[in-house]
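Taking it in order: structure first as structure tokens, then the write-up.
Rule-based calculations on the coordinates, nothing more; no lab input. These figures come from a predicted structure and were not determined experimentally. Note: ideal-geometry Cβ built from the backbone for every residue, glycine included; neighbour counts use all protein chains shown.
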Amino acid sequence: MAEFRMPALGADMEFGTLIAWHMAVGDHVAKGDVVAEVDTDKSVIDVETFTTGTVEELLVEVGTRVPVGTPLARIREDDSAPGSAPAAGGVAPVETAAAEAPPSPPASVGAGPPGQAHHRASPLARRHAKALGVDLADVTGTGPDGAVTTADVERHAAARDAADAVPAPSEESVAPSQTVVAPSPDLARGTPEAAAAPLSGADRQAALRRAVAASMARSKREIPHYYLSSDIDMSRAVGWLTEHNVSVPVTERLLPAVLLLKATALALRESPDLNGLWEGEAFHRSDAIHLGMAVALRGGGLVAPAIHDADTRSLPELMAALRDLVARARSGRLRSSEMSDPTVTVTSLGDQGVDAVLPVIYPPQVAIVGFGRIRDRAWAVDGLLGVRPVLTASLAADHRVTDGHIGALFLTALDRLLQRPEDL
Amino acid sequence: MDDGRLRETVLRVLGEVAPEVDVSDVDPGEDLREQFDLDSMDILNLAIGLFQATGVEIPEKDYRQIVTVDGCVDYLARTAGSS
């Protein structure tokens with residue numbers, strides 16, 4: 001039995017309000033289906049399930065505000081043997097009962113998020129656990145004081161998937177009496193709140209501002225940033241783009257941002273230590289390159305949802321993904337995976353007319369790439385002065401993970417890739 | 001399409017491109033990018049929307065002529081008239 005829990009849609013989220021169910025008891029759902037809408041105060045997010053199976057029970061009523069991690073529904077996985085459920089099996093092993101016990105009702109004041117409070121883990125590891133459908137109770141922690149790390153979660157999920165079986169017995173030895181390691185006091189307190197009236201635009205704005213403030217303050221407090229920048233001759237890229245755009249219908253035109261995104265993703269393949277997450281006092285490299293795209297909301301504020309697997313997509317695919325993502329970011333229809341998956345962020349402020357950006361890393365990521373506007377500049381080539389469209393690309397990276405040398409290699413690769421736009 | 005109809009079309013498309021903006025409040029002579037914080041993605045979406053509504057394909061090099069509502073109406077009237 002899998003629990004569908006209130007997801008953490010961003011490192012700063014502590015509570016969410018269930019706005020709507022898109023599944024009912026008895027429905028069959030598949031991994032990736034949008035099954036609920038959650039109001040994070042900042043916006044309403046379409047939440048996807050990570051489980052394929054049949055909905056057994058909805059645990060939380062629409063309109064309820066609960067802490068991140070609270071079980072919202074129970075889904076019986078397609079491949080779980082009916083006999084393994086404690087009720088049907090008669091004699092349930094203690095471990096299984098512990099792993100699958102119904103959550104305490106959300107009314108238990110003072111308790112942590114049900115099923116989580118006694119297992120040390122970073123918020124990120126929790127998120128990974130949710131993403132992979134892993135119960136933290138089942139995972140052996142190898143982090144400080146036995147805390148469960150992202151790597152532990154992934155190892156556990158891989159082993160489980162390999163076995164294609166019921167969850168492993170719980171590890172009672174994992175920091176039994178400790179509280180969680182990193183989450184904020186509110187998360188640890190974990191008291192559900194009654195549903196409030198839907199937030200007004202101004203309230204939402206304020207919540208969004210607070211969230212940006214919290215994560216940027218954390219970034220500046222915890223991450224030793226270093227900054228690099230490089231001016232890139234964009235004549236070839238701009239020339240290629242102009243030619244492309246006159247040769248296709250208006251609906252298939254590309255924006256310069258798409259070339260920059262693809263080049264960034266490919267350059268990250270060469271500098272993988274810029275792509276991943278810092279958690280549990282260690283860097284965890286990500287094989288997948290999910291570019292968080294900083295999107296300014298017109299009323300003010302900022303979201304940075306992911307374009308998944310940007311390095312493997314063609315330019316037209318990236319353009320379609322970007323257009324779709326920006327539209328949904330602004331209309332408040334983002335999906336949960338887009339909020340929780342970015343492995344690195346790209347911010348482009350060229351449209352606002354600035355030459356260069358010195359960006360702030362979005363924790364727990366370890367790098368952010370910034371682009372200014374493409375502007376005509378005097379440019380010397382082989383001792384001759386000419387006028388070229390020039391772009392300043394910048395990188396802010398986490399000095400705990402990389403040194404300037406790696407950052408410099410990344411910017412050099414970016415430049416090289418943008419000189420061959422036809423290969424992007 | 002006369003100018004009134006064209007203007008109606010432009011405002012409708014603008015409303016679709018940027019649902020957050022109040023198109024009844026638009027200053028037809030002011031740059032939309034400054035007025036409503038439109039970016040290059042919005043201008044492209046405006047060009048696509050105008051194409052879908054009128055059949056007029058606005059080349060990239062002419063984008064600067066469609067950054068105001070008046071500019072859009074003039075451009076469409078001119079292009080439709082010449083075709």
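Using the Cβ of A:Leu349 as centre and a radius below 11 Å, the other residues enclosed give a net charge of -2, where K and R count +1 and D and E count -1. Per-residue Karplus couplings for the range A:318-331, computed as 6.51 cos²θ - 1.76 cosθ + 1.60 with θ equal to phi - 60°, are listed in order as 5, 4, 4, 5, 5, 4, 4, 5, 5, 4, 6, 4, 7, 9 Hz, Gly and Pro entered as x.
For the segment B:40-51, counting C-beta atoms of other chains within 10 Å of every residue's C-beta and taking the mean gives 4.
As a rough footprinting exposure proxy, the listed residues A:Thr264, A:Thr345 were ranked by other beta carbons within 10 Å of their own, and the order from fewest upward is A:Thr345, A:Thr264.
Below 8 Å, C-alpha to C-alpha, sequence gap of six or more: please give me the relative contact order for chain B in percent. Don't skip to the end; give the middle numbers.
Values: 71 pairs, mean separation 32.2, N = 83.
For chain B, the relative contact order is 39 percent.
Rounded to the nearest whole Hz, the Karplus-based 3J(HN,Hα) values (6.51 cos²θ - 1.76 cosθ + 1.60, θ = phi - 60°) of the range A:344-358 follow the sequence 6, 10, 10, 10, 10, 10, x, 4, 8, x, 7, 7, 8, 10, 10, with x at glycine and proline. A compact globular protein would have a Cα radius of gyration near 2.2 N^0.38 Å; the ratio found for the range A:282-424 is 1.12.
Report the GluC sites (Glu not before Pro) located in chain B that are in a DSSP loop and have at most 15 other Cβ atoms inside 10 Å of their Cβ, or state none. Walk me through the intermediate numbers first.
Numbers: sites: B:Glu8, B:Glu16, B:Glu20, B:Glu30, B:Glu34, B:Glu57, B:Glu60; in loops: B:Glu20, B:Glu30, B:Glu57.
Of the GluC sites (Glu not before Pro), the ones in loops of chain B whose Cβ has at most 15 other Cβ atoms within 10 Å are B:Glu20, B:Glu30, B:Glu57.
The residues A:Val35, A:Val381, A:Val250, when put in order of fewest to most other Cβ atoms within 10 Å, stand as A:Val381, A:Val250, A:Val35.
Please give the direction-averaged projected area of the C-alpha convex hull for the range B:1-68, in square nanometres with one decimal.
On the way: hull surface 17.0 nm².
In nm², the orientation-averaged hull projection of the range B:1-68 is 4.2.
Here's the picture: charge each Lys and Arg Cβ at +1 and each Asp and Glu Cβ at -1 in the range B:4-50, and of B:Gln35, B:Gly4, B:Gly15 the one pushed furthest to the positive end of that dipole is B:Gly4.
Qualifying chymotrypsin sites (Phe, Trp or Tyr not before Pro) in the range A:1-74, where qualification requires a DSSP coil assignment and no more than 15 other C-beta atoms within 10 Å, are lacking entirely. A simple charge model with +1 on the Cβ of Lys and Arg, -1 on the Cβ of Asp and Glu and nothing else charged puts the dipole of chain B at about 440 debye relative to its Cα centre.
Could you work out, residue by residue across A:251-258, how many beta carbons of other chains sit within 10 Å of that residue's beta carbon, and then give the average as an integer? Could you put the intermediate results ahead of the total?
Working: counts 6, 1, 5, 1, 5, 1, 3, 0.
Mean partner-chain Cβ count within 10 Å for A:251-258: 3.
Other residues with beta-carbon under 14 Å from the beta-carbon of A:Val212 carry, at +1 per Lys or Arg and -1 per Asp or Glu, a net charge of +4.
Near A:Ile232, within a Cβ-to-Cβ distance under 15 Å, what is the net charge of the other residues, with Lys and Arg +1 and Asp and Glu -1? Kindly include the intermediate steps, with their values, before the conclusion.
Working: positive: A:Arg236, A:Lys262, A:Arg373, A:Arg375, A:Arg377, A:Arg388, A:Arg416, A:Arg420; negative: A:Asp231, A:Asp233, A:Asp355, A:Asp376, A:Asp415.
Net of charged neighbours comes to +3.
Counting only other chain Cβ atoms within 10 Å of each residue's Cβ, the peptide A:333-343 averages 0. Taking each pair of different alpha-carbon atoms in the range A:230-360 once, compute 1/r for the pair, average those values, and report the inverse of that mean as the Kirkwood hydrodynamic radius in Å to one decimal. Here the Kirkwood hydrodynamic radius works out to 15.9 Å. For A:Gly292, the residues whose amide H sits under 5 Å from its own are A:Ile307, A:Thr343, A:Val344, A:Thr345, A:Val346, ignoring neighbours fewer than 5 places away on the same chain, with H placed 1.01 Å from N.
When you filter the trypsin sites (Lys or Arg not before Pro) in the range A:245-330 for DSSP loop state and at most 16 other Cβ atoms inside 10 Å of their Cβ, you are left with A:Arg298. Put a plus charge on the Cβ of each Lys and Arg, a minus charge on the Cβ of each Asp and Glu, and nothing anywhere else: the dipole of the range A:1-64 about its Cα centre is then about 120 debye.
Per-residue ellipticity at 222 nm for chain B, helices alone: DSSP H runs ≥ 4 residues times -39500 (n - 2.57), over residue total, nearest 500 deg cm²/dmol? Don't skip to the answer; put the middle values down first.
Values: 4 runs with 48 residues, N = 83.
Estimated from H runs of four or more residues: -18000 deg cm²/dmol.
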